[in-house]
Number of protein chains: 2
Amino acid sequence: MDAIIDTNPHECDGFPTKTTGAWQTHCVKDQKMRYPKKYDFPVHQVRRYLEPGPIVLVTSRLQDKTNVMTLGWHTVLEFSPSLVGLMISSGNHSFRMIRETGECVINLPTTKLTDTVVRIGNTSGADIDKFCEFGLTPDQASVVKPPLIRDCHAGFECRLHDDALVERYNFFIFEVVKAHAAKTPKHPETLHYTGDGVFMVAGKAISRRSLFRPGML
Amino acid sequence: MDAIIDTNPHECDGFPTKTTGAWQTHCVKDQKMRYPKKYDFPVHQVRRYLEPGPIVLVTSRLQDKTNVMTLGWHTVLEFSPSLVGLMISSGNHSFRMIRETGECVINLPTTKLTDTVVRIGNTSGADIDKFCEFGLTPDQASVVKPPLIRDCHAGFECRLHDDALVERYNFFIFEVVKAHAAKTPKHPETLHYTGDGVFMVAGKAISRRSLFRPGML
């Protein structure tokens, strides 16, 4: 229910085709892959995925170059407009791309991508094309130029909202302008980094809905 | 190993005794309770507990009033100085207390406190003494005035570092000036809120240490 069969017949190319504008898949030849099929998701509800504090994969695009970084320092800031804050260290190749374009996509990987998450964090987009190197499949976003990652459970298209703390703390405040999420599993098994190579895994959900006052949910 | 036996012989009082300066326990009479015993923890390593995105309990103290709130919107921002960002909605009673004093303690509850976490979030310190109401035990902090919560796995004493975004986003940047954490369990079962009354539980840890480049851990 949560996946579709798709084929990846293309060589690595890294940017949209001139004829269709559609994103080509990367580096995987005639291989059947399963991806979570995503649907429109309300932007003011992205806390559902981001508030639990998962490791995310942030994509960026500058001119004809696409990059992706692993990021764990982020927080939800507001429901409407849907604001999130990301600390993107200025030592990252992505920093300049996002600083110059004011755009990124926050993608939510699950434990299926654990090793890829680490490998993306270990490498720099200054040296390699990470989409190609790690066999990720880009999907064209609706509003911004950086791609969604088809392999991920959800993707949130972001535009810069406020850069007041970028100089001092590398802290970007983005507005989520479009959100996409798979419908199942309802609570994907996400990765939560603790440093020293160790991730906590969240996947078990418990409800205390009946204890909440309605306005506090 | 991770707990000590302690007794709570005191009535609810809510502030340090005049004679000893020590925090009295609250509202629990002659009841044997087990608490995680905490040790000094390096402030620049608080990411271990905060980066995974757990729900936290934030204590504040203004004049002779102590308060505690449930908070899920926070992020690590820097290792040294140890900086964390917290979005504390201005509608909360704690907002004014923290705004006026520039101090708080971030306490890390585990799933043992799930119902208490919800009840703290449901109520306002303007109406009740939450420490008393929910049977929490305060411990005197080392550096700041708000108390640690003895029932929690860890506590991080914070002083305001930068309020540049408080007016616009209720976003406080604190420096963790002193940290306390239990030694066991190494990976406590923490709560990660998703909205709508549902928490994800993180407790299972997986290591990919061997995949990391040493400088990237």
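The values are calculated or read from the model by the stated rules, or taken from the named source; none is laboratory data. None of the values given here were measured: they were computed from a predicted structure. Reconstructed Cβ throughout: ideal geometry from the backbone, glycine too, with neighbour counts over all protein chains shown. These accessible areas exclude ligands, DNA and RNA; they are computed on the full protein's heavy atoms, side chains included. Shrake-Rupley method; radii C 1.70, N 1.55, O 1.52, S 1.80 Å.
Tabulated data for the structure shown
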{"read-out": "Filtered residue count, the stretch A:125-153, keeping only those that are under 19 Å from A:Ser80 (Cα atoms) and among the small types (Gly, Ala, Ser)", "value": "0"}
{"read-out": "Verdict on B:Arg119 being open to solvent by 10 Å² or more (accessible area, probe 1.4 Å), within 11 Å of chain A (Cβ to nearest Cβ) and among the basic types (Lys, Arg)", "value": "yes"}
{"read-out": "Within the stretch A:97-128, tally of residues that are out of contact with any strand residue (DSSP E or B) (no Cβ under 7 Å at 6 or more places or on another chain) and more than 25 Å from A:Lys37 (Cα to Cα)", "value": "7"}
{"read-out": "Residue that is surrounded by the most Cβ atoms within 10 Å (Cβ to Cβ), among those in the stretch A:168-183 that are facing another protein chain (nearest Cβ under 9 Å) and in a strand (DSSP E or B)", "value": "A:Phe171"}
{"read-out": "Positions within the stretch B:66-111 being in a strand (DSSP E or B) and open to solvent by 50 Å² or more (accessible area, probe 1.4 Å), in sequence order", "value": "B:Glu78"}
{"read-out": "Number of the condition not met by B:Phe174 [criteria: (1) more than 24 Å from B:Asn122 (Cα to Cα); (2) in contact with a Ser or Thr (Cβ under 7 Å, 6 or more places away or on another chain); (3) of a type outside the set (D, E, K, R)]", "value": "(2)"}
{"read-out": "Matching option when the condition is more than 9 Å from chain A (Cβ to nearest Cβ), under 22 Å from B:Gly102 (Cα atoms) and in contact with a helix residue (DSSP H, G or I) (Cβ under 6 Å, 6 or more places away or on another chain), among B:Ala141, B:Ala154", "value": "B:Ala154"}
{"read-out": "Identity of the residue in the stretch A:122-145, of a type in the set (Ser, Thr, Tyr) and more than 12 Å from A:Asn107 (Cβ to Cβ), that ends up surrounded by the most Cβ atoms within 10 Å (Cβ to Cβ)", "value": "A:Thr123"}
{"read-out": "Unique match (being within 7 Å of chain A (Cβ to nearest Cβ) and touching an Asp or Glu at 6+ places or on another chain (Cβ under 7 Å)) among B:Leu211, B:Leu165", "value": "B:Leu211"}
{"read-out": "Unique residue being over 24 Å from B:Phe212 (Cβ atoms) and β-branched (Val, Ile, Thr) when the list is A:Val68, A:Val117, A:Val56, A:Val46", "value": "A:Val46"}
{"read-out": "Filtered residues of the stretch B:184-208 (kept if hydrophobic (A, V, I, L, M, F, W, C) and more than 7 Å from chain A (Cβ to nearest Cβ))", "value": "B:Leu191"}
